[in-house]
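Reviewing the structure listed below.
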Amino acid sequence: MFSFSRENKINSTIVGVDEVGRGPLAGPVFAAAVILSKNICLKGINDSKKLSKKKMSEIFNRIISFSNFSIGLATVEEIDKINILQASLLAMKRAVKKINVKDASILVDGTFSFDKENKNIKTFVNGDSIYPSIAAASIIAKVIRDKYMCLLSKQFPEYGWDKNSGYGTSQHMISLAKYGPTPLHRKTFAPIHKMLFKK
């Protein structure tokens, strides 16, 4: 179970940052920036990839009641233009800019900083398993992106985005083969690129 023991050693406001949606074939990449209240119960909070959908929804509702948070995203067009890594960093940068806290310690999941000039940014591999603020960011980003993909699914119901969130499941791939890519598919990702540019 998480505790604030690690975060308590940091003598400034903590902003946890994580992104969701690097792997899907369709839809934007989302990032969340979160400032957790010390009054929140941390029970169950974990890396979003380790939680069931039901459990994640319950924890999401608790987190948003006890935190200040913001969301940033990078569009499919931006992903195709600057690549998925740079788009993920852009989404993080936008999320942190929206939360707008000066002199905060910004804890980011992963290897790369979205602003190398900002010395307050610290990156951590598997940070969502170490710091509760990063884990909370992963949950918020995941739940909100999944909800967004459900909305997009109403425009293109054949692809099952309400269930697969744009990932390349067997149903998604069968629908791609039958109907072809949509404007919301990432053209630079291999399966889509092959369909669009096959000789």
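The values are calculated or read from the model by the stated rules, or taken from the named source; none is laboratory data. Since this is a predicted model, take the numbers as computed values, not measurements. Using ideal geometry, Cβ is built from the backbone for each residue, glycine included, and neighbour counts are taken over all protein chains shown. The accessibility values were calculated without ligands, DNA or RNA, using every heavy atom of the protein model including side chains. Shrake-Rupley method; radii C 1.70, N 1.55, O 1.52, S 1.80 Å.
Observations on the model:
- Those residues of segment 147-187 which are of a type in the set (Val, Ile, Thr) and open to solvent by less than 80 Å² (accessible area, probe 1.4 Å), in sequence order: THR169, THR182
- Residue match in segment 121-129 (condition: out of contact with any strand residue (DSSP E or B) (no Cβ under 8 Å at 6 or more places or on another chain) and part of a helix (DSSP H, G or I)): yes
- Residues satisfying the stated conditions in segment 10-24, i.e. in contact with an Asp or Glu (Cβ under 8 Å, 6 or more places away or on another chain) and open to solvent by 10 Å² or more (accessible area, probe 1.4 Å): SER12, THR13, ILE14, GLU19
- Members of segment 45-63 found to be open to solvent by 30 Å² or more (accessible area, probe 1.4 Å), over 14 Å from ASP146 (Cβ atoms) and in a loop (DSSP other than H, G, I, E, B), listed by number: ASN46
- For first residues located in segment 22-51 and of a type in the set (Phe, Trp, Tyr), partners that are open to solvent by 10 Å² or more (accessible area, probe 1.4 Å) and at pLDDT 95 or above and lie 6+ apart or on another chain with Cβ distances below 6 Å form the pairs PHE30/VAL20; PHE30/LEU73.
- Unmet criterion (only one of (1) among the basic types (Lys, Arg); (2) under 28 Å from GLY44 (Cα atoms); (3) part of a helix (DSSP H, G or I)) for LYS81: (2)
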